[in-house]
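Structure record follows, encoded as structure tokens.
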Amino acid sequence: YFEARDAPGSNLRREFEMMQALQRKGVPYAASIWWLPEWMLADPNMKPRSEHRRRVGIGKWEELLESVGSYLLYAKKRYGAEPDLFSFNEANIGVYVLFDPEEHREAIKSFGAHFRRLGLKTKMLLADATGPDGTYTYALPAANDAEALQYCGAVAFHSWGGTTPERYRLWGEVAEWLNLPLLVAEAGVDAQAHRERRYDSFHYGLREVKQYQDLLEHARPQGIIYWEYTSDYGLARVSREGGQEVVEPTSRFHFMRHWANLTPRNSDNLSAETSHHQVRVTAFRGAEGFTVHIANLGPARELVLEGLPAASYRQVVTSATEGFVEKSRVEASPQATRLALPGRALITLTTVR
């Protein structure tokens, strides 16, 4: 089936090639179902494809398992690609397949056992729920079932809409209780901001920065996946001039460079506190030193940093007028380090190596 449809230039071919590229780079990745074929649904051809809360049809489960399993086996054998994790996207609200918490538990059992029989390493993503506000309960029926839990490889939620520090912490506590990694499988502020490109502003970028700080401080995930590196929430503007495509990075692109390029891989997220609600600090310790992300969400001010190990630090700044600009190095003292913060900016310090 898949070999006959795996044609050059097809969406299917592009999917497999992306999986292969991620696999070769050693990047962990998840495969998620959004839509099912109409014939697999309980109400086939009765609603538009964009309709939420569709359910798997009675008697269709075996065919669903066979379909997903054969897809993954083909990807493994033909492309050497094998997803680390598998889920149904936002099944707690049905985007676009709906499972209640108990059905989610049973789906984990069914798919997990099927993948194991096929010799696939792919584990199930527990919850993959949206948004973060109180939805940790969606994971609990599966979390309390030993049979389901053996098939789970990580816990995940989507951050749309955000929540309070206390409710972010509940997600972290569930993952710690189960001894599983926590993933923010979609990081985003406003799920409707793709309409009329409302995301395309410096102000929206600052909201994203603040949310990253909240997630890292309170939920304590092991991974955050930005939604998304495509035109829906694009970090760059694309236009045409003289018949040529022109790509213009935005401040949001540069903010993302701070997180992606300057945060050490496999580092520890350290405890950090501030005395001003408009200044947020996130610190990491890696094998080669320290990284400190400082978000100043208000006007320019002086910051006194205490506890920063004495060393020379590279300083990178993104603001409304500068994008990922290298500034003069900061020499940290053992007692306190004074730093002038530009207004409405993200400042990152990294140990000079």
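The values are calculated or read from the model by the stated rules, or taken from the named source; none is laboratory data. For clarity, every value in this text was computed on a predicted model and none was experimentally measured. Don't worry about glycine lacking a Cβ; one is built from the backbone with ideal geometry, like all the others, and counts go over all protein chains shown.
In this structure, does A127 turn out to be surrounded by fewer than 22 Cβ atoms within 10 Å (Cβ to Cβ) and of a type outside the set (D, E, K, R)? So A127 does not fit the description; no.
Screening S319 on (1) more than 15 Å from G205 (Cα to Cα); (2) of a type in the set (S, T, Y); (3) touching a Pro at 6+ places or on another chain (Cβ under 6 Å) shows it passes everything except condition (1).
Exactly one residue among L41, L22, L65, L73 is in contact with a strand residue (DSSP E or B) (Cβ under 9 Å, 6 or more places away or on another chain) and at pLDDT 95 or above, and that residue is L41.
Of everything listed in (1) surrounded by fewer than 17 Cβ atoms within 10 Å (Cβ to Cβ); (2) over 17 Å from E106 (Cβ atoms), the single unmet condition for Y74 is (1). The set of residues in the range 6-19 being of a type outside the set (A, V, I, L, M) and exposed (fewer than 11 other Cβ atoms within 10 Å of the Cβ) consists of P8, G9, N11. Would you tally the residues in the range 204-243 being surrounded by 12 or more Cβ atoms within 10 Å (Cβ to Cβ), farther than 18 Å from E186 by Cβ and free of Cβ contacts under 8 Å to residues at least 60 places away in the same chain? Final tally of qualifying residues: 2.
Among the residues of the range 22-62, those identified as more than 25 Å from T130 (Cα to Cα) and loosely packed, with under 13 Cβ neighbours inside 10 Å are R24, K25, G26, W39, N45, M46, I58, G59, E62. When the range 166-197 is examined, which residues are found to be surrounded by fewer than 17 Cβ atoms within 10 Å (Cβ to Cβ) and closer than 21 Å to L346 by Cα? Correct list: D190 only.
For the range 54-73, the tally of residues that are over 13 Å from I33 (Cα atoms) and small (G, A, S) stands at 3.
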